[in-house]
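Comments concern the structure below.
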Amino acid sequence: MKVRKLKGSFERGPAADLWRKTLGQIPSVFGRLVYLASLRDQNTGRYEHHGMSQVFGEDEADQSLRESHGRTFADWLCFGLEQQKADLDLYLSSFEPDKRTILETWIRLAPYRNLVPASAREVERRLYLTDLEALLDLLKNEYAVVSPDPDA
């Protein structure tokens, strides 16, 4: 996937540094989304990255990570379903050997719901979930994943 060129204040500073050193190394937009969401403390909503905090301070690191998360989420939403599927396939290709297990877990636990940035509007949240659940249905068929029995 193409790496987004940073604009304005994003051209320099912690976000640009993060983008070049870390996010630019992650080949899929969905993978970047997973990475950025993993830096958010689930209890406080603050983003934490030790290296960035050491260099730029906790508040600047939090703000830069928050903005990067929002922009990456917006990039994902701008993709059509075909592009999202290709990007998701690229993300899943980094997990060997059993993509079925990952898909079964996603269907059962829905961890992808935690990837939405707090700044996302409700309509963006719904679009993301609708698209991702449609993609999971496609992948479920592609990998012959059986849905868990809700009565079990």
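Quick note: the coordinates plus some simple rules give every number you see, no bench work behind them. Please read these numbers as outputs of a predicted model, since none were measured by experiment. Glycine gets a Cβ as well: all are built from the backbone with ideal geometry, and neighbour counts include every protein chain shown.
Some notes on this structure:
- Rounded to 0.05, the FRET efficiency of the Asp59 and Phe95 pair, given R0 = 25 Å and the Cβ-Cβ distance, is 0.15.
- This model, with +1 at the C-beta of Lys and Arg and -1 at the C-beta of Asp and Glu, gives the range 48-152 a dipole about its Cα centre of some 200 debye.
- Extension gain, Asn114 to Thr44, is 23.8 nm, computed as 0.36 nm per intervening residue step minus the present C-alpha separation.
- Rounded to whole numbers, the Karplus 3J(HN,Hα) couplings from phi for the range 40-53 are 8, 5, 5, 8, 10, x, 7, 8, 10, 9, 3, x, 5, 5 Hz, using 6.51 cos²θ - 1.76 cosθ + 1.60 with θ = phi - 60°, and x at Gly and Pro.
- Taking other C-beta atoms within 10 angstrom as a stand-in for reagent exposure, Trp19, Trp106 fall in the order Trp106, Trp19, fewest first.
- Calculated mean projected area of the Cα convex hull in nm² (choose from [x] 10.7; [y] 10.2; [z] 8.9), label: [y]
- Around the amide H of Tyr47, modelled in the peptide plane, lie the amide H atoms of Asp41, all under 5 Å away and 5 or more residues distant in sequence or on another chain.
- Mean residue ellipticity (222 nm) of the chain, computed from DSSP H runs ≥ 4 via -39,500 (n - 2.57), nearest 500: -19000 deg cm²/dmol
- Table column - 3J(HN,Hα) (Hz), the range 125-138, Karplus curve with 6.51, -1.76, 1.60, x for Gly and Pro: 4, 5, 4, 4, 5, 4, 4, 5, 5, 5, 5, 5, 4, 4
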